[in-house]
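Accompanying notes for the structure given below.
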Amino acid sequence: MQTIRRNLILFNVLTLIVIALIALGYARTQKEKKNFINELKKKNKALLESQAKLKSTNRLVKQSNERLQLRNRQLEDFNYVVAHNLKAPVSSMSIIVDMLSKSGDQETFKELFPKLETISSSISTLTEDVQTYISILSNKDLDFENVNLLLLLKEVENDFAETLLDNKRKDFETIYKLDAWHTLKCSKFYMKSILHNFLSNAIKYRRMDVSPHVIFETCWENERKVLYIRDNGLGMDLNRHGDNLFKLYKRFHRNVSGKGMGLFIAKSQLEAMDATIEVQSTENIGTTFKIKFKRS
């Protein structure tokens with residue numbers, strides 16, 4: 001009987017030892033599992049941080065590439081402006097100077113000198129326009145500030161007060177739909193120049209058979225601020241003129257005065273503020289410009 005009791009006690013002790021060992025092993029396994037999970041979480045966190053940094057780096061690289069492509073295109077435009085628009089007057093001036101140098105005739109001088117003055121004036125104007133463009137390209141440190149769009153539009157509208165109330169023609173109406181947003185972080189100087197150009201064009205290219213108007217409307221698109229500028233003016237054929245719309249000295253309504261500088265400068269100023277511009281237009285219906293801002 002004692003032998004049985006002794007064996008039973010020994011069995012229970014062995015059982016307790018086995019259970020203790022199993023418990024100890026389980027606890028160690030759980031601790032290792034917990035440590036593994038924590039380590040895995042750290043590695044996942046580090047991986048996510050690396051992915052975020054990589055994504056941020058890729059975004060910066062993409063932005064740099066976009067700016068580089070934009071600057072290359074702007075430089076191409078600049079080279080075209082200088083080479084194409086300067087070539088003709090310089091060639092003409094060279095021919096006239098050559099003719100004057102070979103002729104001692106006073107009548108020839110009287111005939112050619114006014115033409116020389118006209119060419120000189122043309123070159124001077126081109127030089128001023130090129131300087132304006134260069135100042136936009138070289139201005140890397142623009143002064144950005146929060147601008148109230150309505151107040152700025154009212155300032156611009158005041159510049160056209162007499163034109164807008166011209167009794168000889170139908171009153172021109174400016175309509176503001178700025179409920180989506182009304183403040184913008186931008187260069188106030190550039191933005192005023194841009195709005196001035198668009199309002200000037202809307203007035204200049206109005207139709208006489210309708211009550212002319214221009215609508216300034218704000219909205220959001222993919223978390224970016226968008227400004228629409230819509231008029232019911234003469235419009236244009238984009239299939240014919242779309243590629244030249246924002247180029248220097250391109251005009252599409254010969255019966256209206258202008259030298260084709262406004263849209264070129266406006267687009268350059270928008271690009272300097274990291275904004276983009278698109279256009280839709282139909283002849284004798286009107287034109288819509290869509291400006292999308294990267295800054296809020």
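Tabulated values for the structure
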| quantity | calculated |
| --- | --- |
| Restricting segment 175-226 to residues that are in a helix (DSSP H, G or I) and open to solvent by 60 Å² or more (accessible area, probe 1.4 Å), the residue that is nearest to Glu145 (Cα to Cα) | Lys188 |
| Residue list for segment 263-288, restricted to those being among the hydrophobic types (A, V, I, L, M, F, W, C), surrounded by 21 or more Cβ atoms within 10 Å (Cβ to Cβ) and part of a strand (DSSP E or B) | Ala275 |
| Residue match in segment 238-259 (condition: surrounded by fewer than 18 Cβ atoms within 10 Å (Cβ to Cβ), at pLDDT 85 or above and among the polar types (S, T, N, Q)) | no |
| Count of residues meeting criterion [open to solvent by 100 Å² or more (accessible area, probe 1.4 Å) and more than 30 Å from Asp274 (Cβ to Cβ)] in segment 25-60 | 11 |
| Which listed residue is in contact with a Pro (Cβ under 9 Å, 6 or more places away or on another chain), modelled with pLDDT of 75 or more and at negative phi, from Ser50, Ser94, Ser120 | Ser120 |
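The values are calculated or read from the model by the stated rules, or taken from the named source; none is laboratory data. Values in this document were obtained by computation on a predicted structure and should not be read as measured data. Heads up, the Cβs are rebuilt from the backbone with ideal geometry, glycines too, and the neighbour counts pull from every protein chain shown. Surface areas here come from the heavy atoms of the whole protein model, side chains and all, with no ligands, DNA or RNA. Shrake-Rupley method; radii C 1.70, N 1.55, O 1.52, S 1.80 Å.
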